[in-house]
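Only one structure is covered here, and it is reproduced in the block below.
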Amino acid sequence: MERKVFRHIGSCLVRHRYVDPSRTSRMSTAQLLQEVSSDMSSSSSVLPFHSIPSTGRNAWLNLFQYWRKNSFQRMHHVMEENFHHLGPIYRENLGPHSSVNIILPQDVARLFQSEGVFPRRMTISAWTAHRDMRNHKCGVFLLNGEDWRSDRIVLNKEVLSLAGVKKFLPFLDEVSKDFVSFMRRRINKNARGALTVDLYRDLFRFTLEASGYVLYGQRLGLLEEHPNPESLRFISAVETMLKTTLPLLYFPYQVLQLSDSRIWREHMNSWDIIFEQADRCIQNIYQEFCLGQERGYSGIMAELLLQGELPLDSIKANITELMAGGVDTTAMPLLFTLFELARNPSVQRELRNEIHKAESQKPKDLNQFLNLMPLLKGAIKETLRLYPVGITVQRHLTKDTTLHNYHIPAGTLVQVGLYPLGRSAQVFQDPLRYDPSRWIRRDDTNFKALAFGFGSRQCIGRRLAETEMMFFLMHMLKNFQIDTASKDDIKTVFGFILMPAKPPLLTFRPL
């Protein structure tokens, strides 16, 4: 009975608190924050934390039910169902983790105000345990506090700033052109003059080749006829690392470690392979650096070495994290984007026209060229809205906060449900329609494009991933018509990142 009462209160609050879209479309981010602050502070009665609707109090019983129903792979759908039944804010206790989950942009804006000077997200204990056991330093993904901020400030200059991004754009352009040549070689071997293929593995090879080139200034040869076996082993290790991370999030890794479980062994071994690959690349470039050879831009690591603002072990830790995070997390959005373009031929035509128009304006550099293609940028945002790589963005509150008229105490882990947010009719008009133009119209987009996070702790590899995807899609659309026989929605599973349950078959025809 009590839960029904709170659900009713929650539904009333949704109707009362949801901002009129016609007003928010005219609001800037600063105005939205001011609106949220004044609206929250004027509320006559803030409800207590314990009254937030909950999925159940017993954390370990909840975890057992998750395990019994094999809900981990469906976590994004379970979260969507919970928001549907419990309202736009709910509490969840799952094994060692307790969180408050939110979905509405105005609540995300309030969360952003409360993240503090040193934003903290959910800790991945198994990853930090590997670093401790192998005597590796942690990079910015795992660091917190002043250690995080000091590393992040240095990295931002080379990885996120406009000046830093401009330096590596030619590398991404080159690898994208090479992938087109790679595809043409395969098509030329086919008598039908077209290629129908599951591009899943090939996209991994592309993303590792591109990110490796940008990070180390070296080509790995993954787009050649016989790619380097060590690089293919690295890709397999990243997949294993991600697959084994999900259960390790919810079960004490110490128990699995003591029992010498297969999951723990595979997880440790996969990280060892990832660090070995990074070591090989780092040693090569460090030797060249020590020789003092004169050279132009040679990738992010070389720039960090030249700056001398980070010790070598910190550079290694951060470059390794970027390398590991730049494979699946870019390959999956590319796969989903190609599928959506294949089943939306009118969008494909619009993008191709935009590319040709941008080329006709003879941009002075690659950065200006990318800026002439807002619809292509919108296509990437639209893909990440429907298929976010990570299904949540998390923050630990640094102070007591009011979210959706509930009191949330400092220290609470708050998660933004990205998958249900992107598909919510409360947030997006016609949410299941693939419509890149929604991001360049006058619609309100404040705190809605959250796939890379927000604030000072947004994904460090954001610009690298975005520009890598733009160059890839631009060159593929210029050279190929993309089709698919399947028009059905693609089924997805969650394996620490969102991925297709079965990769779609796509047909590429040269233009």
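Just so you know, all these numbers are worked out from the coordinates, no wet-lab data involved. No experiment lies behind these values; they were computed from the predicted model shown. No Cβ is skipped: glycine too gets one built from the backbone with ideal geometry, and neighbour counts run over all protein chains shown.
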*On a 0 to 90 degree scale, rounded to 10, what angle separates helix 2-17 from the longest Cα axis of the chain?*
60 degrees
*Please sort by residue number the trypsin sites (Lys or Arg not before Pro) in segment 92-168 whose DSSP state is loop and whose Cβ has at most 16 other Cβ atoms within 10 Å.*
R134
*Select from segment 163-269 those GluC sites (Glu not before Pro) which occupy a DSSP coil region and have at most 16 other Cβ atoms within 10 Å, ordered by residue number.*
E224, E225
*In degrees, nearest 10, range 0 to 90: what is the angle between the Cα axis of helix 162-188 and the longest Cα principal axis of the chain?*
70 degrees
*Divide by every residue of the chain the summed helix terms, -39500 (n - 2.57) for each DSSP H run of at least 4, and state the resulting mean residue ellipticity at 222 nm, rounded to the nearest 500 deg cm²/dmol.*
-18000 deg cm²/dmol
*Considering the chain, what Rg and Dmax in Å follow from its alpha-carbon atoms?*
23.2, 75
*Taking Cα atoms, how many degrees apart are the long axis of helix 345-360 and the longest axis of the chain, rounded to 10 and kept between 0 and 90?*
60 degrees
*Which distance in nm do the two modelled labels at L258 and N371 give, with both placed 7 Å along the Cα-to-Cβ direction?*
5.9 nm
*Just need the Rg to Rh number for segment 61-122, please, alpha carbons only, Kirkwood Rh.*
1.02
*Could you please rank H267, H84, H226, placing first whichever residue has the fewest other Cβ atoms within 10 Å of its Cβ?*
H226, H84, H267
*Report, to two decimal places, the Cα Rg of segment 166-287 normalised by 2.2 N^0.38 Å (N = number of residues).*
1.31
*segment 233-341: relative contact order as a whole-number percent, Cα under 8 Å and 6+ apart*: 30 percent
*Select from segment 250-286 those chymotrypsin sites (Phe, Trp or Tyr not before Pro) which occupy a DSSP coil region and have at most 10 other Cβ atoms within 10 Å, ordered by residue number.*
none
